[in-house]
Amino acid sequence: MNYGFVKVAAAVPRVKVADCKFNASQVEKEIIIADGKGVQIMVFPELCLTGYTCGDLFAQQLLLEEAEMALMQVLNNTRQLDIISILGLPVALKGALLNAAVVIQRGRILGVVPKTYLPNYKEFYEKRWFTSGSEVEETVIRLCGQMTGLESNQLFETSDTTFSVEICEDLWAPIPPSSHLAMENAEIIFNLSACNEAIGKHAYLKQLIAQQSARCIAGYVYSSCGFGESTTDVVFGGNGLIYENGTLLAESKRFSFDEQMVVSEIDVERLRTERRVNTTFAACRNLNSRPYFQSVATEPVNNRDLYLTRTFNPLPFVPQGEQLHERCEEIFSIQVSGLAQRLLHTQAKSAVVGISGGLDSTLALLVCVKTFDKLGWSRKGIIGVTMPGFGTTDRTYTNALCLMNALGVTVREVSIKAACLQHFEDIGHDVTQHDVVYENSQARERTQILMDIANQTWGMVVGTGDLSELALGWATYNGDHMSMYGVNAGVPKTLVKHLVKWVAEHDIDMAARTTLLDIVDTPISPELIPADEHGNIKQITEDLVGPYELHDFFLYYFLRCHFRPAKIYFLAVRTFKGQYDEPTIKKWLGVFCRRFFNQQFKRSCLPDGPKVGSISISPRGDWRMPSDAVSTAWLKEVEEL
């Protein structure tokens, strides 16, 4: 299976201006290399068979004949290859000259796409030589002895995807041709370009391609002229860029003196899903549909084993790169704004948080502190309640107290042991039986304490449960499952850990920093089972439910991308190679699918809480799923992996 991935390439070959035979040989070489890499579709720069900077030589009949002979040479020498190639050359038509892209495969010309928008300003003078495709009435052309379609609105259909072509300036138009082509089901756009370099232009170009691929919910493969073009007045840096729905997958090195090729895989299955989910896309198509598009069938491509060159972030929810600091601040700002509005609206006098010494309650407490500071309220209005139970260890208990004291909030301690023992006696439960009754009774007792203290202080209980726990149902129903506002409801566990660490390193005083860093290093546990003989945590959550980094990876691709289990498994095996073996990934993927379906009833009645990232599982937000949906098909696919 290829799981919806289409392997594409953008090639930037060496070029000699007006030396068509040399240029054809360079193109052939790149096509052969790309075919060996399993590339299905590749694109070359604008006018690559002649060179873009030929100037008035485009009026020479000899150059036009040489260009057509060069195309014929490429056709003949690649006719045994399945790969689809998109080349640029000048094409004469009834007294006009077109700046055209020619789509070829197995020695056959599939179609000719003329450039629509011809730049004729500043350093560009294309209207001096070329005619826009919009001014041409002919829809068929003879080229290299073959009759083929001549249309800007051509959709090329392969067994795996539908793609289309635009040329350089077309992208810079207010409404690029690719906008209409995408609405007619073009999933990948290929652009042959000759964009010269200037200060700041490259960054703007990347923004332009990213935005166009995002607006079109499409892949975008861009190839621009490089070394060998004339530098009489401008310089061409040679850009190969591959984007998918606004995300850069691969790029070439600028100003290279050697030929280059960038290869990646575009996930057209994900693009199709994104388009179906985004109902605005279909609405826009209905309002802006054009009467005529030409569909072109391509030759079948022999199936090959899929080898992915692109990588996938093992922590898809965690901010990466240069914007890390800004992203973390933004996440906290969303949580703080949500809580502040709820406090003001309810006229609450206090915020009550259960503090366990673990990650989730720590993040919730930090959000409360930031909210009170921003509102100008005293931190003493935050009531942190530590509720030691049968499984509480000295480490978490000490961290809870140290953190609350360092942050200057009101500290309350209420042991749940006596109340739980009385409850076990009341219902006739054996206290030595550490089963679900033993565990859940403690969670519900803690929630009752928090609710009652909130009533005492005219306050509201701030929930601590995170997105990952809600997805897995790792919360006691009407216990820690319940609050008056869940500030962490949109934050997955891997991000919770990262945010707490970020606060410790960037945004907190030294008194709290040491405690926060120790909390980050503490094993994740509900601490509902007594500690071992050495006082260490005995109940490790990730031993029971699975590693959160795996579950967050599953959650992202299941909920955000709507991938099936087989595809998630395929990506996880490659992403976590050397960290988790295949049986382990399969085991926890099965646990994820089973729990996600079985625990929906807990998500159907969640407290309010802010959406922070790209997904939410609030029944009032992104995810609406019946509590009795059947998981059979998903679990069957996992079993068959």
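The values are calculated or read from the model by the stated rules, or taken from the named source; none is laboratory data. Please read these numbers as outputs of a predicted model, since none were measured by experiment. Neighbour counts are summed over all protein chains in view; Cβ atoms, including those assigned to glycine, are modelled from backbone coordinates with ideal geometry.
Scanning the range 223-239 for residues that are on the phi < 0 side of the Ramachandran plot and in contact with a Lys or Arg (Cβ under 9 Å, 6 or more places away or on another chain) gives Gly226, Phe227, Gly237, Asn239. Apart from one condition, Gly473 fits all of (1) on the phi > 0 side of the Ramachandran plot; (2) touching a strand residue (DSSP E or B) at 6+ places or on another chain (Cβ under 6 Å); the exception is (2). Checked against (1) farther than 29 Å from Thr309 by Cα; (2) modelled with pLDDT of 95 or more, Val573 meets all criteria but (1).
Reported count of residues in the range 84-121, each being within 21 Å of Lys21 (Cα to Cα) and either among the aliphatic types (A, V, I, L, M) or at pLDDT below 95 (or both), is 15. Evaluate the following for Leu155: is it part of a strand (DSSP E or B) and under 34 Å from the mean Cα position of the chain (by Cα)? Yes; evaluated as a whole, the condition is true for this residue. Within the range 473-484, the only residue that satisfies the criterion of being surrounded by fewer than 23 Cβ atoms within 10 Å (Cβ to Cβ) and within 20 Å of Phe332 (Cα to Cα) is Met484.
Name the single residue, out of those in the range 478-516 being of a type in the set (Ser, Thr, Tyr) and at pLDDT below 95, that is nearest to Val437 (Cα to Cα). Out of the qualifying residues, it is Thr494.
Against the test of being over 19 Å from Ala194 (Cα atoms), in contact with a helix residue (DSSP H, G or I) (Cβ under 9 Å, 6 or more places away or on another chain) and in the same structural domain as Val235 (by TED's automatic domain parsing), the options Ala70, Ala24 yield a single qualifying residue, Ala70. A residue that is of a type outside the set (Phe, Trp, Tyr) and in contact with a helix residue (DSSP H, G or I) (Cβ under 7 Å, 6 or more places away or on another chain) cannot be found anywhere in the range 264-274. Of the residues screened, Thr396 is one that is closer than 30 Å to Phe553 by Cβ, over 35 Å from the mean Cα position of the chain (by Cα) and crowded, with 23+ Cβ neighbours inside 10 Å. When the range 586-620 is limited to residues that are closer than 26 Å to Leu499 by Cα and of a type in the set (A, V, I, L, M), the one that is modelled with the highest pLDDT turns out to be Leu589.
Yes or no, residue by residue, for (1) part of a helix (DSSP H, G or I); (2) farther than 24 Å from Leu343 by Cβ:
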| residue | (1), (2) |
| --- | --- |
| His429 | no, yes |
| Ser441 | yes, yes |
| Thr447 | yes, no |
| Asn455 | yes, no |
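Figure legend. Inter-residue proximity from the range 133-160: first residues among the aromatic types (Phe, Trp, Tyr), second residues assigned to a loop (DSSP other than H, G, I, E, B), beta-carbon distance below 9 Å, spacing 6+ or different chains. Indicated pairs: Phe156/Ala186; Phe156/Thr298. Report whether or not Gln61 is in the same structural domain as Ser85 (by TED's automatic domain parsing), closer than 20 Å to Leu241 by Cα and not acidic (Asp, Glu). Answer is no for this residue.
Looking for something in contact (Cβ under 8 Å) with a residue 60 or more places away in the chain, polar (S, T, N, Q) and more than 30 Å from Arg594 (Cβ to Cβ) - is there at least one such residue anywhere in the range 449-461? Within the range 449-461, one or more residues are in contact (Cβ under 8 Å) with a residue 60 or more places away in the chain, polar (S, T, N, Q) and more than 30 Å from Arg594 (Cβ to Cβ).
Residue count for the range 64-107, restricted to those that are among the β-branched types (Val, Ile, Thr) and in contact with a strand residue (DSSP E or B) (Cβ under 6 Å, 6 or more places away or on another chain): 6.
Within the range 272-289, identify whether any single residue is surrounded by 18 or more Cβ atoms within 10 Å (Cβ to Cβ) and at pLDDT 90 or above, and answer yes or no. Within the range 272-289, one or more residues are surrounded by 18 or more Cβ atoms within 10 Å (Cβ to Cβ) and at pLDDT 90 or above. Put simply, of Lys493, Lys497, Lys501 the only residue that is of a type outside the set (A, V, I, L, M, F, W, C), in contact with a helix residue (DSSP H, G or I) (Cβ under 7 Å, 6 or more places away or on another chain) and free of Cβ contacts under 8 Å to residues at least 24 places away in the same chain is Lys501.
Of all residues in the range 599-614, those that are surrounded by fewer than 22 Cβ atoms within 10 Å (Cβ to Cβ), closer than 25 Å to Val336 by Cβ and among the small types (Gly, Ala, Ser) total 2.
Residues being of a type outside the set (S, T, N, Q) and within 15 Å of the chain's Cα centre (by Cα): count how many of those fall in the range 202-214. Residues that pass the stated criteria total 2. Each residue in the range 444-486 was checked for being hydroxyl-bearing (Ser, Thr, Tyr) and more than 30 Å from Val591 (Cα to Cα), and 1 pass.
Each row is one residue, and each column tells you yes or no for (1) β-branched (Val, Ile, Thr); (2) without any contact (Cβ under 8 Å) to a residue 12 or more places away in the chain; (3) farther than 30 Å from Val367 by Cα.
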{"residue": "Ser256", "(1), (2), (3)": "no, no, yes"}
{"residue": "Val262", "(1), (2), (3)": "yes, no, yes"}
{"residue": "Phe281", "(1), (2), (3)": "no, no, yes"}
{"residue": "Pro300", "(1), (2), (3)": "no, no, yes"}
{"residue": "Arg304", "(1), (2), (3)": "no, no, yes"}
{"residue": "Pro316", "(1), (2), (3)": "no, no, no"}
{"residue": "Glu330", "(1), (2), (3)": "no, yes, no"}
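Listed by first and then second residue, the pairs with beta-carbon distance under 6 Å, at least 6 apart or on different chains, first residue in the range 608-619 and assigned by TED's automatic domain parsing to the domain that holds Asp480, second among the polar types (S, T, N, Q) and assigned to a loop (DSSP other than H, G, I, E, B), are Pro619/Ser604. Out of Glu637, Glu582, one residue alone is out of contact with any Phe, Trp or Tyr (no Cβ under 7 Å at 6 or more places or on another chain), in contact (Cβ under 8 Å) with a residue 60 or more places away in the chain and over 30 Å from Ser483 (Cα atoms). It is Glu637. In the list His562, His551, which residue meets the criterion of being in contact with a helix residue (DSSP H, G or I) (Cβ under 8 Å, 6 or more places away or on another chain) and at positive phi? The match here is His562.
When Ile188 is tested against (1) in contact with a Gly (Cβ under 6 Å, 6 or more places away or on another chain); (2) exposed (fewer than 14 other Cβ atoms within 10 Å of the Cβ), exactly one condition is not met: (2). Here Ala186 clears all of (1) in a loop (DSSP other than H, G, I, E, B); (2) more than 17 Å from Leu47 (Cα to Cα); (3) modelled with pLDDT under 95; (4) of a type outside the set (Lys, Arg) except the condition numbered (3).
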